[in-house]
1. I want to verify the translational diffusion coefficient of the stretch 208-270 in µm²/s; compute it with Stokes-Einstein, Rh as the Kirkwood radius over Cα pairs, at 25 °C and 0.890 mPa s.
2. Hey, if you drop one equal point scatterer on each alpha-carbon of the stretch 163-249 and run the Debye formula without solvent, what base-10 log of I(q)/I(0) do you get at q = 0.26 Å⁻¹?
3. Using 7 Å Cα-to-Cβ label points, what is the SER187/ASP199 separation (nm, one decimal)?
4. Need one number: nm distance between label points at ASP257 and THR50, each 7 Å from Cα along Cα→Cβ, rounded to one decimal.
5. With θ set to phi - 60° and the Karplus curve 6.51 cos²θ - 1.76 cosθ + 1.60, what are the ³J(HN,Hα) couplings of the stretch 121-138 in order, to the nearest whole Hz, using x for Gly and Pro?
6. Over the Cα atoms of the stretch 26-94, compute the convex hull volume and normalise it per residue, giving Å³.
7. Which FRET efficiency, nearest 0.05, do GLU279 and GLU74 yield, Cβ-Cβ r, R0 45 Å?
8. How much of the accessible area of the chain, in percent, comes from carbon and sulfur atoms when a 1.4 Å probe is used?
Amino acid sequence: MKFTQTGTFKKNTLDKLVTLKPMEEIPNIFLDKFDYIVGFVAKEKSEIITDYVNNLTKKYQGLVEEDFSKNSSEEIKKIFAEFKNLNQYPDLNKASINYFIHLLQLKDQSAWETTEVEISMRALIQAWVFPSYYFLQALTETIDRNEAVKLFKRYITHYYIDHPSPDRDKFNLDKMLENRLSGDTTSSEWVIVHSMLEDGKYAFKNENCPTCSDTTVDLPDIELKYLVSCYGDFAKFRAIYSDYIILTMEHTIIEGDPYCSRVLHDTRIDYDLRHPPKEFWDNFKPGQEEEAMKYYKK
């Protein structure tokens, strides 16, 4: 057994510029999940949907001063028309798109409907995460917090169940590890330690989180940050790869741990889903294989 580290710690990762086509990416980054949760709440808790939509609309309105949508073209209206749940709430639509465009931090505020724009990686990740944080926060302010958290967990799980990858069931853990350890393993800003612990158990530890954790430092509620950034991974891995692939995860940087600990289990081979203890992960570093394995199944 060998532990291998990939990636390199890099400064200013979030300042890197990326090219984005806002009109093409709005559904993928934002509207698909947004429409789904509005529909999910309406179905599961129909008695609160009006209050929830009103609370969320006011929350988004309070986060933005400028109306970016006032000069929008018919194209954005066509995009919203495809989302049947959101389409019932025009005020929420307007508030949400204003907040989304605000998050992109465009230097030219009229450029969001153009073909391509350059934005920072920070702005892109915030546009991905922040709206979800606030629609969960609005839910906790509409109903009891514990009930809201349970409802959110069901929503994100069902979202991924209903959005499986077309290439799932072609997945192989050994091939995944092989791909991650091939080529230039130093170029990524994600620093990760990898190992196949045994047949059907691929462990990987994130030593950093240069996206969600680093972009959400100013958001105060740690539980909500974890739920919108990390919790969906449990269902996402199954949706992307296969029903027989199950993720276990017990430490996350976003919750204040020094690393994220994860194991992908191939349940066709072994259905022992016990997650290695903290002492294992503390020693899960190249060169410390013998020490780490002392704790593996304790």
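The values are calculated or read from the model by the stated rules, or taken from the named source; none is laboratory data. Quick caveat, the model's predicted, so the values are computed rather than measured. Backbone-built Cβ (ideal geometry, glycine too); neighbour counts: all protein chains shown. Keep in mind that these areas ignore ligands, DNA and RNA; they rest on the heavy atoms of the full protein, side chains included. Shrake-Rupley method; radii C 1.70, N 1.55, O 1.52, S 1.80 Å.
1. Details: Rh = 12.6 Å.
Value of D from the Cα-based Kirkwood radius: 195 µm²/s.
2. For the stretch 163-249 at q = 0.26 Å⁻¹, log10 I(q)/I(0) is -1.34.
3. 3.5 nm
4. The modelled label-to-label distance comes out at 4.4 nm.
5. 4, 4, 5, 5, 5, 5, 5, 7, 9, 4, x, 5, 4, 7, 6, 6, 4, 4
6. Cα convex hull per residue, to the nearest whole number: 83 Å³.
7. Working: r = 60 Å, r/R0 = 1.33.
The computed FRET efficiency comes out at 0.15.
8. Answer for the chain is 46 percent, counting heavy atoms of protein chains only.
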